[in-house]
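**Student:** Take this structure, written in structure tokens, and hold onto it; I'll ask about it next.
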Amino acid sequence: MERVLPSAILAGVCCLCASANAGLIASYQCYDHPDGNENPPPYGLRFDNLFSSIGGTGGVTTFSMNTFGDTVLSVFDDGGGDYRITIAGTVFGGVDTGTGYGFGEGAYALDFEYRANVGPDGTGWVVSPSDPMNTGTLTSLGNPDVANGTIFSMFDVNNGDNDSFLFLQDEHRLAGHPQEGQGYWVGRGWLDSSHHSGGTKDFLFIAIPTPGAASIGLMGVGLAASRRRR
């Protein structure tokens, strides 16, 4: 039998990884921001009145990224000066009761993608302005109030500065919290749905690079930073 050298195996693995992560230039583990206006319970996504679209209870509705700890923000270079951001993972939440959750309490799959108007800004990224291509979903993983597979759609909207999403290493609202001065990136983005049900709807989370992220995208990030924002 022909002997396969370890170096050949390693080369094959590297090729497979490169193919799987084609275009990936950065990835970050996401956590709840400590300064959410409705904390406790802490959250990284707030979408008030989400369940009113299915006849459920309205009110402040929040979702934690910490419960499962698998929410990741990924940045891709699609070539030609086009960048893309995805935020995906499993969140846990429901209608905020002040100390926990009421209607809709359970796990949900989060999948949001910013496909348009994404550009580098310092060590972070900005989406400006909003675009119909920037959309996402929350999908129920099953609980007594919301059937498994129920999908809630959302899209980005602009803030007062014509930005729809900011992901910056700028200490946004971390003053006075243990995370202050620790080098976190802060993600915040403004959202809505076709139901326009009122209340606050936004991302607000902190993030750090995932293990190995620097080696995955070091060259790509350098190239991105040298390009002019769209």
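No lab work stands behind these numbers, since they all come straight from the coordinates. Just so it is clear, the model here is predicted, and its values are computed rather than measured. For neighbour counting, all protein chains shown are included, and Cβ atoms are generated from backbone atoms with ideal geometry for every residue, glycine included.
**Student:** With each label point set 7 Å from Cα along the Cα-Cβ vector, what nm distance links Ala175 and Asn159?
**Tutor:** Going from the Ala175 label point to the Asn159 one covers 1.5 nm.
**Student:** If I take R0 = 25 Å and measure r between the Cβ atoms of Asp78 and Thr99 in this structure, what FRET efficiency does the formula 1/(1 + (r/R0)^6) give, to the nearest 0.05?
**Tutor:** The pair Asp78/Thr99 has a calculated efficiency of 0.05.
**Student:** Here's another thing I want to ask about it. Listing Thr97, Thr150 from the residue with the fewest other Cβ atoms within 10 Å to the one with the most, what is the order?
**Tutor:** The fewest-first ordering by Cβ neighbours comes to Thr97, Thr150.
**Student:** Label points 7 Å out from Cα along the Cβ direction at Thr57 and Gln182: separation in nm?
**Tutor:** That separation, rounded to one decimal, is 3.1 nm.
**Student:** What order, most packed first, do the peptides 60-71, 126-137 have when packing is the mean number of other Cβ atoms within 10 Å of each residue?
**Tutor:** Most protected by this proxy first, the peptides run 60-71, 126-137.
**Student:** Another question, then. Measure out, as a whole number of angstrom, how far apart the alpha-carbon centroids of region 137-156 and region 36-85 sit.
**Tutor:** 12
**Student:** Under 25 °C and 0.890 mPa s, how fast does region 23-226 diffuse according to Stokes-Einstein, given a Kirkwood radius computed over C-alpha pairs? Answer in µm²/s, whole number.
**Tutor:** The Stokes-Einstein estimate is 144 µm²/s.
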